[in-house]
Structures are given as structure tokens and as C-alpha cells.
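Colleague: I have a structure I would like to understand better, so I am pasting it below and will then ask my questions one at a time.
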Amino acid sequence: MNGTQWELEIFFSDGHKPMKICGSNSYPYNFNKFLELLGIEPMEGEEDTDDE
């Protein structure tokens with residue numbers, strides 16, 4: 001009930017076992033790059049610390 005929990009599950013079409021990634025209270029340093037890849041606007045107030 002406190003903080004932010006997130007989970008990403010990736011399913012593969014070639015039958016490989018799904019990959020699950022999760023975290024608590026912070027997003028990965030490159031989360032806004034991931035959102036950009038999906039065509040989603042970065043979350044307001046979130047800074048992308050990826051130096052690329």
C-alpha cells in the first residue's frame with residue numbers, strides 16, 4: 001500500500017519461456033526510453049537519467 005510497484009512480462013512467439021521483470025518504489029533508470037520505444041509519452045515529473 002506504500003510506494004510504486006511495477007511489473008513487465010514479455011511473451012515470445014517462438015515458444016521461449018516468458019520473461020518477468022519487476023521492481024518496487026522506483027522505475028529503471030532508462031524507463032522513459034522504454035516508453036518512447038512503445039510510443040508512449042514519458043511520465044510527467046519523471047527524469048530520464050540515461051546518458052545516451
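Colleague: Consider only pairs whose beta carbons are under 6 Å apart and that are at least six residues apart or on different chains; among these, list those whose first residue lies in the range 1-27 and is in a loop (DSSP other than H, G, I, E, B) and whose second residue is open to solvent by 70 Å² or more (accessible area, probe 1.4 Å) and of a type in the set (A, V, I, L, M, F, W, C).
Modeller: Pro18/Phe11
Colleague: Here's another thing I want to ask about it. Considering the range 24-39 alone, what residues qualify as being of a type outside the set (Lys, Arg) and surrounded by 13 or more Cβ atoms within 10 Å (Cβ to Cβ)?
Modeller: Tyr27, Pro28, Asn30, Phe31, Asn32, Phe34, Leu35, Glu36
The values are calculated or read from the model by the stated rules, or taken from the named source; none is laboratory data. Computed from a prediction, not measured in an experiment: that's the story for all the values here. Note that each Cβ is placed from the backbone with ideal geometry, even for glycine, and that neighbours are counted across all protein chains shown. The area values use the complete protein model at the heavy-atom level, side chains included, leaving out ligands, DNA and RNA. Shrake-Rupley method; radii C 1.70, N 1.55, O 1.52, S 1.80 Å.
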